[in-house]
Amino acid sequence: MIETLKILFNRDLKKLKLEIESYPNENKIWCIDNNISNSAGNLCLHLIGNLNTYIGAQIGKTNYIRNRELEFSDKDVPRALLIAQIEAAIQTVNDALALLTEEDLKKEFPILVFESKTSTEFLLIHLTTHLSYHLGQINYHRRLLG
């Protein structure tokens, strides 16, 4: 399971990097309109914050402190910085997952994320689907507004 999670996180984080790199005009990363409330840039920051919080800080003990509001309010972060943050998140995820054993996956996740407690395995699977969901939104954003 751990190897599968590594493969999925790496695949989708590399796709996230490619999506951000593929905007022909860097300013379009931050565009919204009446029907699109979150820019690709803000979704990217949200995904990075999410992974750094739940995988980096909780599993990898990185001491990352999340500012979730800033993930959605920050604007015009340079593309190069977004890409550097994605690359750092890839490293953080890989380093943290390398610390886990299959037995660790069955243990309760150290913090309450949902209404009830979950296993670490459940939360990590949730994080892969969360990443994939927002990656799809970013892809559509790029094709519609980019």
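State whether the residues of segment 123-136 include one that is touching an Asp or Glu at 6+ places or on another chain (Cβ under 9 Å), within 18 Å of Ser39 (Cβ to Cβ) and in contact (Cβ under 8 Å) with a residue 12 or more places away in the chain. Yes - at least one qualifying residue is present in segment 123-136.
Within segment 83-101, does at least one residue satisfy the condition of being in a loop (DSSP other than H, G, I, E, B), of a type outside the set (Val, Ile, Thr) and out of contact with any strand residue (DSSP E or B) (no Cβ under 8 Å at 6 or more places or on another chain)? Yes - at least one qualifying residue is present in segment 83-101.
For Ile55, the conditions (1) of a type in the set (A, V, I, L, M); (2) at pLDDT 95 or above; (3) open to solvent by 80 Å² or more (accessible area, probe 1.4 Å) all hold with the exception of (3). Within segment 62-82, the set of residues being among the aliphatic types (A, V, I, L, M) and under 30 Å from Leu99 (Cα atoms) comprises Ile65, Leu70, Ala80, Leu81, Leu82. Within segment 78-94, residues that are under 14 Å from Ile55 (Cβ atoms) sit with their Cβ atoms under 7 Å from residues that are small (Gly, Ala, Ser) and in a helix (DSSP H, G or I), at 6+ positions apart or across chains, in these pairs: Thr92/Gly56.
The values are calculated or read from the model by the stated rules, or taken from the named source; none is laboratory data. On a predicted model such as this, the values are computed, not experimentally measured, just so you know. All Cβ positions, glycine included, derive from the backbone under ideal geometry; neighbour counts span all protein chains shown. In case anyone asks, the SASA skips ligands and DNA or RNA and just uses the protein heavy atoms, side chains included. Shrake-Rupley method; radii C 1.70, N 1.55, O 1.52, S 1.80 Å.
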